[in-house]
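In what follows, a single structure is set out as structure tokens and then discussed.
The values are calculated or read from the model by the stated rules, or taken from the named source; none is laboratory data. Small disclaimer: the values here were computed from a predicted structure and weren't measured. Cβ placement follows ideal geometry from the backbone for every residue including glycine, while neighbour counts extend to all protein chains displayed. For the accessible areas, the whole protein counts, side chains as well, though only heavy atoms, and no ligand, DNA or RNA atoms are used. Shrake-Rupley method; radii C 1.70, N 1.55, O 1.52, S 1.80 Å.
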Amino acid sequence: MLPMLGMAQELSLDTENATVDFNFVAENLNGTVGGIDATLSLNLSDLSSSTIEGTADVSTISTGSRVRDKHLKSDDFFHAEQYPK
């Protein structure tokens, strides 16, 4: 038995080179967003109390279309000017 299994742990994630990939099925659209900052708090004895908290830098959104990326950063979607993360 592992001695740390019953303990809560906060894990640092290597986010320097991390991206979040997304797929919007209705539009057959794939993309990524970078600038990830995340913390994982894992409690193996009570998984319901475990959490993942993080942010992504909206200015890094990339779908392969500059026009679409600009629209996603607009007030219609992420409102990147007011909410950069």
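Kindly evaluate T15 against the criterion of being assigned to a strand (DSSP E or B) and open to solvent by less than 70 Å² (accessible area, probe 1.4 Å). Spell out how you get there, then give the answer.
Details: assigned to a strand (DSSP E or B): no; open to solvent by less than 70 Å² (accessible area, probe 1.4 Å): yes.
Judged against the criteria, T15 is not a match.
So, in segment 46-85, how many residues would count as being open to solvent by 30 Å² or more (accessible area, probe 1.4 Å) and either touching a Leu at 6+ places or on another chain (Cβ under 7 Å) or part of a strand (DSSP E or B) (or both)?
Residues in segment 46-85 being open to solvent by 30 Å² or more (accessible area, probe 1.4 Å) and either touching a Leu at 6+ places or on another chain (Cβ under 7 Å) or part of a strand (DSSP E or B) (or both): 8 in total.
Which one of these does A26 not meet: (1) modelled with pLDDT under 90; (2) open to solvent by less than 100 Å² (accessible area, probe 1.4 Å); (3) in a strand (DSSP E or B)?
(3)
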